[in-house]
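Everything on this sheet refers to the single structure shown next.
The values are calculated or read from the model by the stated rules, or taken from the named source; none is laboratory data. Remember, predicted model here, so these are calculated numbers, not experimental data. Note that each Cβ is placed from the backbone with ideal geometry, even for glycine, and that neighbours are counted across all protein chains shown. Protein only, heavy atoms only, side chains kept; ligands, DNA and RNA dropped before computing areas. Shrake-Rupley method; radii C 1.70, N 1.55, O 1.52, S 1.80 Å.
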Amino acid sequence: MPPEGMRRSSRIPREIAILLVGSDVEGKVFSEQTKTVLLSRHGAGIVSQYALSAEQELILRRLDTDKEAEVRVVGNLGAHGKSYTYGVAFVNPETDLWDSKFPSMTESEREASRVLLQCSSCKARETVEQSDLESDVYLVNEGIVRTCKSCGSSTYWRRAVDDASGEPVPVEIAPPEAQETGEPVEALPAVPLETEAPVQPAARIENKRKHIRTKVNFKACIRSSAFGEDIVACEDMSRGGLRFKSRKEYIVKTEVEVAVPYSPGTQSIFVRAQIIHVRELKQERRFRYGICYTKS
């Protein structure tokens with residue numbers, strides 16, 4: 001059931017047997033018989049034993065009617081033991097999978113669904129009217145992953161700080177990144193690294209990657225025995241792994257755990273991964289890493 005404080009009138013608590021087909025955050029393709037815990041005209045709350053990431057798409061099929069629909073993971077709603085509860089939304093908003101009549105939102109509920117959000121990356125602000133599922137995920141996590149038009153990628157959004165004047169807050173443009181300070185770089189024993197090559201026009205080459213990368217712009221948490229929890233900037237993701245920047249110097253083949261997207265103080269799902277690529281960015285005094293998910 002949704003945590004206390006969520007709007008309830010536009011959703012129906014009901015368990016329906018479903019088949020969930022897709023891939024988890026490690027890129028492992030799965031087909032899982034599971035259930036819903038609540039229904040919404042926009043999607044459902046579902047239970048899964050697999051770690052899923054916001055924005056990924058799955059196939060959801062009702063086992064009693066064989067009707068199916070494409071759904072998008074809105075976010076995590078909670079965990080119990082080795083099971084996770086997610087809010088998922090229909091990719092096609094006209095989908096009617098549940099054959100149920102849902103109560104309309106009251107005006108007070110509609111007003112409560114409007115929230116001023118701020119992109120954690122570029123600081124742009126938007127007034128958003130959230131669906132019931134988006135509102136649930138937002139309340140549980142105190143934030144939500146959504147597409148930022150300014151960043152051109154999926155980013156983490158939180159409630160914007162109220163403007164003291166009480167006037168509508170215009171969209172803000174992120175200031176240029178501040179100059180790096182002379183902070184020391186934490187390092188493990190030195191290993192050969194690729195140096196930053198001079199920028200040169202490059203011819204287009206065939207993309208031979210196994211998984212397509214998606215540009216993102218939010219935080220991840222890398223957990224290791226060497227550095228503990230390292231909050232980093234995630235640059236892109238795929239079904240097989242992700243790429244990020246950090247001031248910490250990891251060694252190739254280092255075993256880590258990663259949670260993405262990550263926001264301190266909220267529920268996070270960590271999965272096992274391994275550093276497979278290291279590149280030194282001398283001008284930024286950082287390192288760029290590629291990691292791949294490993295089998296649990």
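Taken over the range 260-296, residues that are more than 17 Å from the chain's Cα centre (by Cα) and open to solvent by 40 Å² or more (accessible area, probe 1.4 Å) amount to 13. For the range 157-170, the tally of residues that are modelled with pLDDT of 85 or more and open to solvent by 20 Å² or more (accessible area, probe 1.4 Å) stands at 2.
Inspection of the range 69-85 identifies no residue that is modelled with pLDDT under 90, surrounded by 15 or more Cβ atoms within 10 Å (Cβ to Cβ) and in a loop (DSSP other than H, G, I, E, B). With respect to the conditions (1) closer than 18 Å to Ala259 by Cβ; (2) free of Cβ contacts under 8 Å to residues at least 60 places away in the same chain; (3) touching a Gly at 6+ places or on another chain (Cβ under 8 Å), Tyr84 lacks only one, and its number is (2).
Within the range 90-126, restricting attention to residues that are under 16 Å from Leu139 (Cα atoms), within 25 Å of the chain's Cα centre (by Cα) and in contact (Cβ under 8 Å) with a residue 24 or more places away in the chain, which residue is surrounded by the fewest Cβ atoms within 10 Å (Cβ to Cβ)? Per the stated criteria, the residue is Ala112.
The set of residues from the range 254-272 being within 13 Å of Glu142 (Cβ to Cβ) and not aromatic (Phe, Trp, Tyr) comprises Pro261, Ser263, Pro264, Gly265, Thr266, Gln267, Ser268. Which one is modelled with the lowest pLDDT among residues in the range 196-225 that are in contact with a strand residue (DSSP E or B) (Cβ under 9 Å, 6 or more places away or on another chain) and in a loop (DSSP other than H, G, I, E, B)? Only one residue fits best here, namely Glu196.
Any chance you could count how many residues in the range 10-68 are in contact with a Lys or Arg (Cβ under 8 Å, 6 or more places away or on another chain) and of a type in the set (Asp, Glu)? Residues meeting the conditions: 5.
Going residue by residue through the range 119-130, is there one that turns out to be of a type in the set (Val, Ile, Thr), part of a helix (DSSP H, G or I) and more than 16 Å from Ile12 (Cβ to Cβ)? Checking the range 119-130: not a single residue is of a type in the set (Val, Ile, Thr), part of a helix (DSSP H, G or I) and more than 16 Å from Ile12 (Cβ to Cβ).
Which residue is farthest from Pro93 (Cα to Cα), if the candidates are limited to the range 42-51 and must be crowded, with 22+ Cβ neighbours inside 10 Å and of a type outside the set (Val, Ile, Thr)? So, considering only residues that are crowded, with 22+ Cβ neighbours inside 10 Å and of a type outside the set (Val, Ile, Thr), the one farthest from Pro93 (Cα to Cα) is Gly45.
Restricting the first member to the range 242-253 and to residues that are closer than 10 Å to Val278 by Cβ and of a type in the set (A, V, I, L, M), and the second to residues that are outside any strand (DSSP E or B) and open to solvent by 40 Å² or more (accessible area, probe 1.4 Å), the beta-carbon pairs closer than 6 Å and six or more apart or on different chains are Ile251/Leu188; Ile251/Val191.
Taken over the range 231-242, the criterion of being surrounded by fewer than 20 Cβ atoms within 10 Å (Cβ to Cβ) and farther than 14 Å from Ser53 by Cα is satisfied by Ile231, Ala233, Glu235.
Of all residues in the range 282-296, those being modelled with pLDDT of 90 or more and out of contact with any His (no Cβ under 9 Å at 6 or more places or on another chain) number 1.
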